[in-house]
Amino acid sequence: MRESFLVFGQPLIEQDEIDEVVDSMHKAWIGTGPKVHQFERDFAAYKGVAHAAAVNSCTAALHLACLTLDLAPGDEVITTAMTFCASVNAIIHAGGTPVLADADPVTLNISAETIAPHIGPRTRAIMVVHYAGRCCDMDPIMELARKHGLIVIEDCAHAIESEYKGRKAGTIGHIGCFSFYATKNIVTGEGGMIISDDKAAIDRCKIMALHGMSADAWARFSDAGYKHYQVVDHGFKYNMMDIQAAMGIHQLRRVEEYWKRRACIWQKYNEGLAGLGMGLPADAEEHTRHAYHLYTIRVSAACCGVERDAMLEALRAHNIGVGVHYLAVPEHPYYRRRFGWDPADTPVATAYGRETVSLPLSPKLSDGDVDDVIEAIRAICTESAR
Ligand SMILES: *Cc1c(COP(=O)(O)O)cnc(C)c1O
């Protein structure tokens, strides 16, 4: 058994990030400044979009994206039952009513088929989540949205590198939201980005991300001269700091290198875990690029002799850190109480959420770490078969 605990989702931080953060400290410009603006430009260029707004989390990005919908009480936004609570909370914070579509059993994504039955007179938008880095089947979803006049927001927290038929995730719908949280594909500690070709939408997000003020601090306090600001809306405090962007600028330069490493680990898991009876992730669909954010196995007593929660405990006992992505949204008491949701209403997401385990998948893993994970799982399955 390995001696040290293998932390789930630990990022790889390299010397360039460290030097850049130290540079911000020496310059004493630690708030929103030139590095944030550079990170926005770099990210927009990577995605091939006209506009980007850096914020302090993907949760903030999703909230601001939902605010651009100008939701009236009772307006509905359809999202997935297989997501992190932040997707749903953003809709609620923006004054909307979330409506859950079930996931497809193979892709774990919502699809035009699972979304369509939920479209009604109050539906305003669809928030897709590219689960684990696998793109939703966007052509039929965009077609459905056009037919009903709906805006599409892409929660790309898992999907920085994802592509669908040559188009990059986050550029297919109206607005794309990204996360640079510590476990995500590139990291800034906490951080997020909103991208769109709609300049008015991004301008509005930038204003709402900084108190509803008309110009940011860097523009106000730089040597260009003092400029009075005007509060034009009651906004939030969602701006990214230069200290965060300092990390992001260098992480983004290594985004493809890290992606290749995760793709390689993904392949090792596929080979090492074959034949145990557990569910493994489906291969990436043709004409798509998977971002390989999460490697999720599906375990149950029926398929491999081990219940999910027993597998979580056993892996921890083997010094392997694991995650669960996710218990289906209706499993959480708040949503059940407030919206009357029942896990049985989204049976695919619910069943999956009760059987899934996420394995470590980060460029920080050595080949030895990956072997340790595989060996631990094989040992756990063998023990349980005795
Ligand atoms: C991580 C995550 C978020 C929230 O990202 P933060 O940057 O931590 O706010 C939102 N949606 C999904 C699907 C996520 O995985």
Restricting to Cα pairs under 8 Å and 6 or more apart, the percent relative contact order of the chain works out to 23
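Just add up the charged neighbours of CYS135: K/R +1, D/E -1, any other residue whose Cβ is under 15 Å from the Cβ of CYS135. List each step's numbers first, then the result.
Values: positive: LYS47, ARG134, LYS165, ARG167, LYS168, ARG289; negative: ASP104, ASP137, ASP139, GLU154, ASP155, GLU161, GLU163, ASP283, GLU285, GLU286.
Around CYS135, the charge tally is -4.
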Amide H contacts under 5 Å for HIS51, restricted to residues at least 5 apart in sequence or on another chain and with H modeled in the peptide plane, are SER196
List, in order, the whole-Hz ³J(HN,Hα) value for each residue of region 10-19 obtained from phi through the Karplus relation with A = 6.51, B = -1.76, C = 1.60 and θ = phi - 60°; use x for Gly and Pro. 6, x, 9, 9, 10, 4, 4, 5, 4, 4
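With n ≥ 4 as the cut-off for DSSP H runs, can you work out [θ] at 222 nm for the chain, using -39500 (n - 2.57) per run divided by the number of residues, rounded to the nearest 500?
Details: 15 runs with 153 residues, N = 386.
Result for the chain, helices only: -11500 deg cm²/dmol.
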Find the Cα radius of gyration of region 346-386, compare it with 2.2 N^0.38 Å by division, and give the number to two decimals. 1.54
Whose amide H sits under 5 Å from the amide H of ILE320, counting only residues 5 or more places off or on another chain, with H placed in the peptide plane? LEU6
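Rank-order 59-69, 254-264 by packing density, defined as the average count of other C-beta atoms within 10 Å over each peptide's residues, highest first. Kindly include the intermediate steps, with their values, before the conclusion.
Working: 59-69: 26.6, 254-264: 16.3.
Packing order, densest peptide first, comes out as 59-69, 254-264.
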How do the peptides 322-328, 108-114 rank, highest first, by the average count of neighbouring beta carbon atoms within 10 Å per residue? 108-114, 322-328
Report the label-to-label distance for ALA282 and GLN38 in nanometres (one decimal), using points 7 Å from each Cα along the Cα→Cβ vector. 4.2
In debye, nearest 20: dipole of the chain around its Cα centre with unit charges on the Cβ of K, R (+) and D, E (-)? 640
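Could you work out the local net charge near GLY48, counting Lys and Arg as +1, Asp and Glu as -1, over the other residues with Cβ closer than 10 Å to its Cβ? Present the calculation step by step, with values, prior to reporting the outcome.
Values: positive: LYS47, ARG167, LYS168; negative: ASP197.
Neighbourhood net charge equals +2.
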Once the dipole of region 255-385 is set up with Lys and Arg at +1 and Asp and Glu at -1 on Cβ about the Cα centre, which of CYS381, PRO333, SER358 lies farthest towards its positive end? PRO333
Which of ASP242, ASP23, ASP75 fluctuates most in a GNM of the chain (C-alpha springs under 10 Å)? That residue is ASP23
At each listed q (0.07, 0.08, 0.09 Å⁻¹), what is the log10 of I(q)/I(0) that the Debye formula gives for the chain modelled as equal alpha-carbon point scatterers? -0.32, -0.42, -0.54
Taking only the C-alpha atoms, wrap a convex hull around region 65-159 and report its volume per residue in Å³ as a whole number. 82
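Which semi-axes, in whole Å and largest first, does the equivalent ellipsoid of region 255-385 have when worked out from the alpha carbon gyration tensor as the square roots of 5 times its eigenvalues?
Details: eigenvalues 137, 80, 38 Å².
Semi-axes (√(5λ), whole Å): 26, 20, 14.
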How much accessible area does CYS85 have with a 1.4 Å probe, in Å² rounded to the nearest 10? 50
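The values are calculated or read from the model by the stated rules, or taken from the named source; none is laboratory data. Source: prediction; values computed, not measured. Neighbour counts are summed over all protein chains in view; Cβ atoms, including those assigned to glycine, are modelled from backbone coordinates with ideal geometry. The accessibility values were calculated without ligands, DNA or RNA, using every heavy atom of the protein model including side chains. Shrake-Rupley method; radii C 1.70, N 1.55, O 1.52, S 1.80 Å.
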